[in-house]
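Asker: Before I ask anything, let me first share the structure, which is written out below as structure tokens.
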Amino acid sequence: MDKLRFAMIGCGRIAHKSHSEAIIENRSLLECVVACDLVEEKARSFSNVLERAGLKKPEISIKHAEVLQRYDIDVVVVATESGKHYEITRAALEAGKHVLVEKPMALSVKHMNELIELAREKNLKLGVCFQNRFNPPVQELRKKIEAGAFGKINYGVIQVRWNRNEEYYRMAPWRGTWAMDGGVLMNQSTHGIDLLQWMLGGEIEEVYGRINNFSHPQIEAEDFGSAVVKFKNGSVGIIEATSTVYPQNLEERLSIFGERGTVVIGGLAVNRIEVWRFPGEDSHPFMSLPDPETVYGKGHIPLYKDFCKAILENRPPYISGEEGKKAVELVLAIYKSALENRPVRFPLTDFSTLEMEGFFSE
């Protein structure tokens, strides 16, 4: 096989801003054969972007079910509305396609478990787009953690301080709904929450969370979320997320504090080291990195490369379905904690964003 043959399902905002760039930069590994979207003009626009970059122009489709039955498709990328990820990913796996799905892979624990098990049964690769794991500063932090440089890690903090205005929700009415999305925790903050749980050890014991809707009456879900997360290894995670910062996005900041190390990664989207302190180390070259053009960053490029290599080398992708589940399960636990007004123990047997319907109207 010379190149993996991809189908792009969902050609909206993130497809145009990040997935197209990743396809262009990984042209030696893959070819996008079909661009599919219910809105034909979006699919055509995406196809034109690739053609203008010198790639073979993908075909246009508005029916993903037909795309999934094609024999000339090896991989499906799912970048639709969040609430449709499960349905399309499941159908793609059942059709024998490898799947790279945007976060969140599903909006319930049950559905995430089903997708992981289905991929395992069919010996297919399931990857999730938590591309910020590939940010160069994040990779530098990960190396220190894996080397034990912090000693015991005491606690970590993720802070997502962004702005989402009324126009953002008018552009896509599914955003901020419990049936199709969730609020700032599920939509904007799962990337940062993924980094926090990854750095602190992943195995969670208990979560206590609170959510509010301070200034977005046009949505059903939260525009502020906070939580204290107790990890089985004794570390504590603190989550602060909001889409209410005036007047525009401020920062996304990950801080890790240990016995022998302190690291803070900030910038617009955890893209620049702000503090780097270990014995004999008080600075890092990545302290001067610029902010990316968008909060999506550049991580989709190495994400695509790794996913293609995982298929070709028959190994797990760097961010597998099992890894992609963890941050979403944590967000669902925060929702459950807020709903029941009590700490929630792990693991969750099941919980869905649908169980939050009416939370702010009571």
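The values are calculated or read from the model by the stated rules, or taken from the named source; none is laboratory data. The structure presented is a predicted model; accordingly, all values stated were derived computationally and were not measured. Backbone-built Cβ (ideal geometry, glycine too); neighbour counts: all protein chains shown.
Asker: Looking at Gly148 and the list (1) part of a helix (DSSP H, G or I); (2) under 28 Å from Tyr318 (Cβ atoms); (3) not β-branched (Val, Ile, Thr), which single condition is not satisfied?
Answerer: Evaluating Gly148 over (1) part of a helix (DSSP H, G or I); (2) under 28 Å from Tyr318 (Cβ atoms); (3) not β-branched (Val, Ile, Thr) leaves (1) as the failure.
Asker: With respect to the numbered conditions (1) more than 23 Å from Phe130 (Cβ to Cβ); (2) in contact with a helix residue (DSSP H, G or I) (Cβ under 8 Å, 6 or more places away or on another chain), which one is the sole condition not fulfilled by Val78?
Answerer: (1)
Asker: Now a separate question. Among the numbered conditions (1) crowded, with 18+ Cβ neighbours inside 10 Å; (2) among the hydrophobic types (A, V, I, L, M, F, W, C); (3) over 30 Å from Arg342 (Cβ atoms), tell me where Met112 comes up short.
Answerer: Met112 satisfies every listed condition except (3).
Asker: Looking at Lys97 and the list (1) of a type in the set (Lys, Arg); (2) outside the structural domain of Gly267 (by TED's automatic domain parsing); (3) surrounded by fewer than 18 Cβ atoms within 10 Å (Cβ to Cβ), which single condition is not satisfied?
Answerer: Just one mismatch for Lys97, condition (3).
Asker: Just one of Lys56, Lys63 is under 27 Å from Ile116 (Cα atoms) and at pLDDT 95 or above; which is it?
Answerer: Working: Lys56 fails: under 27 Å from Ile116 (Cα atoms).
Checking each option against the conditions leaves just Lys63.
Asker: If you don't mind, another one. I need every pair where a residue in region 106-133 that is farther than 18 Å from Ile334 by Cβ and touching a residue at least 24 places away in the same chain (Cβ under 8 Å) has its Cβ under 8 Å from the Cβ of a residue that is surrounded by 22 or more Cβ atoms within 10 Å (Cβ to Cβ) and polar (S, T, N, Q), sequence separation at least 6 or different chains.
Answerer: Leu115/Thr89; Leu126/Thr89; Gln131/Ser18
Asker: Checking the condition surrounded by 15 or more Cβ atoms within 10 Å (Cβ to Cβ), in contact with a Ser or Thr (Cβ under 9 Å, 6 or more places away or on another chain) and in the same structural domain as Arg27 (by TED's automatic domain parsing), which residue from Ala269, Ala310 passes?
Answerer: Exactly one residue qualifies, and that residue is Ala310.
Asker: In this structure, does Pro302 turn out to be at pLDDT 95 or above, within 29 Å of Thr262 (Cα to Cα) and assigned by TED's automatic domain parsing to the domain that holds Thr190?
Answerer: Taking the combined requirement at face value, the residue does not satisfy it.
Asker: Can you tell me which residue in region 29-66 is surrounded by the fewest Cβ atoms within 10 Å (Cβ to Cβ), limited to those that are in contact (Cβ under 8 Å) with a residue 40 or more places away in the chain and closer than 19 Å to Cys308 by Cβ?
Answerer: Per the criteria, the residue is Leu29.
Asker: Return only the number of the condition from (1) buried (at least 24 other Cβ atoms within 10 Å of the Cβ); (2) in a loop (DSSP other than H, G, I, E, B); (3) among the hydrophobic types (A, V, I, L, M, F, W, C); (4) outside the structural domain of Asn233 (by TED's automatic domain parsing) that Val184 does not satisfy.
Answerer: It fails just one condition, (4).
Asker: Determine the pairs where a residue that is assigned by TED's automatic domain parsing to the domain that holds Glu340, located within region 210-221, has a partner that is in a strand (DSSP E or B) with Cβ atoms under 6 Å apart, the partner being 6 or more residues away or on another chain.
Answerer: These pairs meet every condition: Arg210/Ser226; Ile211/Gly225; Asn212/Phe224; Phe214/Phe224; Phe214/Thr244; Ser215/Thr244.
Asker: In region 154-178, what residues are touching a residue at least 12 places away in the same chain (Cβ under 8 Å), in a loop (DSSP other than H, G, I, E, B) and within 18 Å of Asn212 (Cα to Cα)?
Answerer: Trp162, Arg164, Arg175, Gly176, Thr177, Trp178
Asker: Given the conditions (1) touching a residue at least 24 places away in the same chain (Cβ under 8 Å); (2) surrounded by fewer than 21 Cβ atoms within 10 Å (Cβ to Cβ); (3) within 28 Å of Phe150 (Cα to Cα), which single one is not true for Leu254?
Answerer: In the conditions (1) touching a residue at least 24 places away in the same chain (Cβ under 8 Å); (2) surrounded by fewer than 21 Cβ atoms within 10 Å (Cβ to Cβ); (3) within 28 Å of Phe150 (Cα to Cα), Leu254 misses (2) alone.
Asker: Quick one: which residue in Glu167, Glu146 is under 25 Å from Pro285 (Cβ atoms) and not basic (Lys, Arg)?
Answerer: One residue alone meets the criteria, Glu146.
Asker: Additional query: Out of the strands (runs of 3 or more DSSP E) lying entirely within region 1-99, which hold 2 or more residues that are hydrophobic (A, V, I, L, M, F, W, C)?
Answerer: 4-9, 30-36, 75-78
Asker: Just to confirm my filter: which strands (runs of 3 or more DSSP E) fall fully inside region 189-244 and include at least 2 residues that are surrounded by fewer than 24 Cβ atoms within 10 Å (Cβ to Cβ) and among the β-branched types (Val, Ile, Thr)?
Answerer: 236-242
Asker: Moving on to the next point. Provide a single number: the residues in region 27-62 that are among the charged types (D, E, K, R) and either closer than 20 Å to Ala172 by Cα or in contact with a Ser or Thr (Cβ under 6 Å, 6 or more places away or on another chain) (or both).
Answerer: Counting residues in region 27-62 that are among the charged types (D, E, K, R) and either closer than 20 Å to Ala172 by Cα or in contact with a Ser or Thr (Cβ under 6 Å, 6 or more places away or on another chain) (or both) gives 6.
Asker: Report, ordered by the first and then the second residue, all pairs with beta carbons closer than 7 Å, sequence separation of six or more or different chains, a first member in region 319-331 that is under 16 Å from Phe346 (Cβ atoms) and modelled with pLDDT of 95 or more, and a second member that is in a helix (DSSP H, G or I) and among the aliphatic types (A, V, I, L, M).
Answerer: Hits for this filter: Glu322/Ile116; Lys325/Met112; Lys325/Ile116; Ala327/Ile193; Val328/Met112; Glu329/Val109; Leu330/Ile193; Val331/Ile193.
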